[in-house]
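What follows is one structure encoded as structure tokens, with my remarks underneath.
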Amino acid sequence: MDVKIRELIKRTASSILLIVFTLYLNYIGGYYFFFVVLVLFFFLNLEYYKLFSLDHKNIIFVINLIFKFISIYLSFLNSLYLIIIPFLLGISLSSFHKRKWGVRVFPYVYFVMPACLIIYLNSHVENGKSLIIWLFVIVWTSDIFGFLLGNYFKGPKLITSISPNKTWSGFIGSITFGSLASILYAFYSNLANFMESLILGIVVSFSSIIGDLFESYLKRLNNKKDTSNLIPGHGGLLDRLDGFLFAIVIFWICIIK
């Protein structure tokens, strides 16, 4: 069997399993959703530290991780505004490192904020679970059609210095089909009108692409191809969730009034 076909099969199979698992967790919610987000969050931090060749076997890393966990738990407890306390404590603790201080602080924004927001959506926002599915539908559709159309049409590259495989055809496909998916889901779920769902689809699809490019930039910066080989056909968790990390925050800004 051709190598590309094998990789596509692995990518497709793992994607289907992840989608089913994610939708089920969102549906049951509660501590189950919270616990899985914590586990994912732990591995994201681990991959991030390994990506930047930072030492994760020390007490400061562990204490920082505890502060981050507390932040996420406060979100679960509907105390979103108290998150600033562990945030500031963690940032202060990270300042003891003279080397790559900003790199150590950045996960508070890059990982903690999206984790807090999606847990809050699932637990405390009216129709929050439906809203999360809306987010998933946009990002998944954007990602799938960006990959398929980019590989089929190929053409000019998007930003070769950051991601040599991404093309303008994939970019246009991502925005177009992500927006279409947003419109269809909002229509059948009665969540928003045509114009609102169209704008949301465009903005969230675009933010997902930016998140993907940003993670590619981090890998280029550290001369890495993947953050790990945890997920067959996808690499690491950060490779799989890069678009979501940006999209969750933008989605929240757009829908919470």
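Tabulated data for the structure shown
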item: Which listed residue, of Leu230, Leu221, Leu148, is more than 24 Å from Leu117 (Cα to Cα) and at pLDDT below 85; result: Leu230
item: Subset of the stretch 28-57 (residues that are open to solvent by 40 Å² or more (accessible area, probe 1.4 Å) and either of a type in the set (Phe, Trp, Tyr) or without any contact (Cβ under 8 Å) to a residue 40 or more places away in the chain (or both)); result: Ile28, Tyr31, Tyr32, Phe35, Val39, Phe42, Phe43, Asp55, His56, Lys57
item: Close pairs from the stretch 114-127: first more than 12 Å from Ser79 (Cα to Cα), partner small (Gly, Ala, Ser), Cβ under 7 Å, at least 6 apart; result: Leu121/Gly128; Asn122/Gly29; Asn122/Gly128
item: Candidates Ile85, Ile60, Ile72, Ile66, filtered to the one that is at pLDDT below 90 and either among the β-branched types (Val, Ile, Thr) or under 22 Å from Leu135 (Cβ atoms) (or both); result: Ile60
item: Which listed residue, of Ile138, Ile159, Ile144, Ile132, is of a type in the set (A, V, I, L, M, F, W, C), farther than 27 Å from Leu82 by Cα and surrounded by 20 or more Cβ atoms within 10 Å (Cβ to Cβ); result: Ile138
item: Lone unmet requirement of (1) hydroxyl-bearing (Ser, Thr, Tyr); (2) touching a Gly at 6+ places or on another chain (Cβ under 8 Å); (3) open to solvent by 40 Å² or more (accessible area, probe 1.4 Å) for Ser174; result: (3)
item: Number of the exception - Thr167 against (1) surrounded by 15 or more Cβ atoms within 10 Å (Cβ to Cβ); (2) touching a residue at least 60 places away in the same chain (Cβ under 8 Å); result: (2)
item: Residue match in the stretch 178-192 (condition: crowded, with 19+ Cβ neighbours inside 10 Å, closer than 28 Å to Phe106 by Cβ and modelled with pLDDT of 90 or more); result: yes
item: From Tyr81, Tyr108, residue being among the hydroxyl-bearing types (Ser, Thr, Tyr), touching a helix residue (DSSP H, G or I) at 6+ places or on another chain (Cβ under 9 Å) and open to solvent by 50 Å² or more (accessible area, probe 1.4 Å); result: Tyr81
item: Any pair with Cβ under 6 angstrom, 6 or more apart, that starts in the stretch 63-85 at a residue that is farther than 26 Å from Glu126 by Cα and ends at one that is open to solvent by 40 Å² or more (accessible area, probe 1.4 Å); result: Phe67/Leu89
item: Residue within the stretch 19-27 that is open to solvent by 70 Å² or more (accessible area, probe 1.4 Å), of a type in the set (A, V, I, L, M) and at pLDDT 80 or above present; result: yes
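The values are calculated or read from the model by the stated rules, or taken from the named source; none is laboratory data. Being a predicted model, the structure only gives us computed values, none of them experimental. So basically every Cβ, Gly included, is an ideal-geometry build from the backbone, and we count neighbours across all protein chains shown. To get the accessible areas, we keep the full protein, side chains included, count just its heavy atoms, and leave off ligands, DNA and RNA. Shrake-Rupley method; radii C 1.70, N 1.55, O 1.52, S 1.80 Å.
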